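Take a look at the structure set out below.
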Amino acid sequence: MLPTEPAALLTAIYSPHSLIRAGLVHLVQQHPRRVVLVGGTDLDPQEPLGPVDVVVYDLARRWGHPDELRQLVAAVPVVGVTREGRDDLTERARAAGVRHVVGEDVSAVGLVDALARVTGHRVVHRHRASHDLTPREREVLNLVGTGLTNAQIADELVLSVNSIKSHLRLAYRKINVTNRQQAVLWAVRSLGTPVPTLN
C-alpha cells in the first residue's frame with residue numbers, strides 16, 4: 001500500500017501587525033496542499049479557537065494578558081515568529097512552552113516545515129470521513145468543499161436546491177459541523193477536496 005499524503009494543517013495566524021500578517025499569509029498560501037488558513041488573517045484570542053492544528057504566533061504581539069500565550073500553548077502547538085535582535089522574545093516564548101521559533105526572514109518552506117515539525121506530521125483529525133455518510137451526501141460535501149453554491153451544486157447533480165439543502169442538513173449533523181465554512185474545511189481535510197481558490 002502506498003503511503004498517503006499527510007492532511008493539510010489547519011493553521012491560524014495571530015499578529016496585530018498588518019505587514020507581518022500579510023507576509024505570513026503569503027508564505028503559507030504558497031503550499032495549499034500542506035496548509036489551510038483558518039479564521040482569516042487574524043483571530044481574537046478571546047474567542048474559541050475552533051478546529052485548528054497549529055498556530056503561528058507573532059511574539060511581538062501585545063494584548064496585555066501575560067498568561068495568554070501559555071493558555072494557547074496548552075491548547076494547540078504554536079510556532080512563534082520573532083524579530084531580529086529580540087532574543088528576549090524567543091526566551092519568553094520558550095519559557096511559555098512554544099516548541100519552535102522562526103525569524104521574520106523565514107522562507108515559505110521553512111515556515112511550513114516548522115508547522116509540520118511541531119505537529120509531528122500527525123494532524124489531529126477532528127472530523128473523519130467515515131460518518132455513515134451516504135454516497136450522495138459525500139458528493140454534495142465534496143462540491144461544497146470546492147466552493148460551489150447550493151444552486152450550482154443542484155445544477156451539477158441535476159437535483160433541486162431543496163434536495164441539496166436536505167442532504168447538507170443531514171451531512172452537517174453526521175460530521176458535527178454547523179456552518180458552510182466548517183463543511184469546506186471538513187471536505188478539504190477528510191475527502192481530499194482541492195482547496196477552493198478566489199478569482
For this session: Please arrange Arg99, Arg21 by counting, for each residue, the other beta carbons lying within 10 Å of its beta carbon, fewest first.
Result: Arg99, Arg21
For this session: Run the numbers on segment 135-191 and let me know its relative contact order in percent, using alpha-carbon pairs under 8 Å that are six or more apart.
Result: 46
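Please report, in debye to the nearest 20, how large the charge dipole of segment 135-191 is about its Cα centre when each Lys and Arg carries +1 at its beta carbon and each Asp and Glu carries -1 there. Display every interim value, and only then the final one.
Details: 8 positive and 4 negative charges, 61 e Å.
Charge dipole of segment 135-191: 300 debye, to the nearest 20.
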For this session: Would you mind ranking Ser160, Ser166, Ser190 so that the residue whose beta carbon has the fewest other beta carbons within 10 Å leads the list?
Result: Ser160, Ser166, Ser190
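Coordinate-derived values only; no laboratory data. As the structure is a prediction and not an experimental result, all values here were calculated from the model. Every residue, glycine among them, receives a Cβ derived from its backbone with ideal geometry; neighbour counts consider all protein chains shown.
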